[in-house]
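First up is the structure itself, then whatever we jot down about it.
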Amino acid sequence: MAISGCFCPALAALAMLLYEGYWIRYFRSRQEMTDFYSSFLGIPVAGASLPVAAFSLLGIYGRNPLMLLAVTVLGIGHIGIHLAHRREVSERKR
């Protein structure tokens, strides 16, 4: 096992803790669409990016190609749709 592989579960847990922080911030806000698609601690569309990152790290750690394939499909769809919605929201604001 590579040394960096040992950090994958810890980094995945950190990503999920950040994800929880994102939701806490959202529910404390005015809960508008701009809040939902905003970045969190510099992470763009954190509501989609953080869980995808966490599951990617777990797939790498477990050396599970099927999970990595599934999380790639999830990431393309989930992050892609969040980016498209964020773009729509920003265009409406103008």
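Structure summary
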quantity: Cα point-scatterer Debye curve for the chain, base-10 log of I(q)/I(0) at q = 0.11, 0.15, 0.24 Å⁻¹; calculated: -0.36, -0.63, -1.18
quantity: Rel. contact order, % - alpha carbon contacts under 8 angstrom, at least six apart, region 23-94; calculated: 32 percent
quantity: Debye equation applied to the C-alpha atoms of region 20-68, log10 I(q)/I(0) at 0.14, 0.16 Å⁻¹; calculated: -0.43, -0.52
quantity: Distance (nanometres) between label positions extended 7 Å along Cα→Cβ at Arg30 and Val89; calculated: 1.3 nm
quantity: The chain, accessible area per residue, ligands and nucleic acids excluded (1.4 Å, Å²); calculated: 66 Å²
quantity: Student exercise, the chain dipole from Lys, Arg, Asp, Glu Cβ charges, in Debye to nearest 20; calculated: 220 debye
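The values are calculated or read from the model by the stated rules, or taken from the named source; none is laboratory data. None of these values were measured; they are calculated from a predicted model. Here Cβ is always computed from backbone atoms with ideal geometry, including for glycine, and neighbour counts include all displayed protein chains. To get the accessible areas, we keep the full protein, side chains included, count just its heavy atoms, and leave off ligands, DNA and RNA. Shrake-Rupley method; radii C 1.70, N 1.55, O 1.52, S 1.80 Å.
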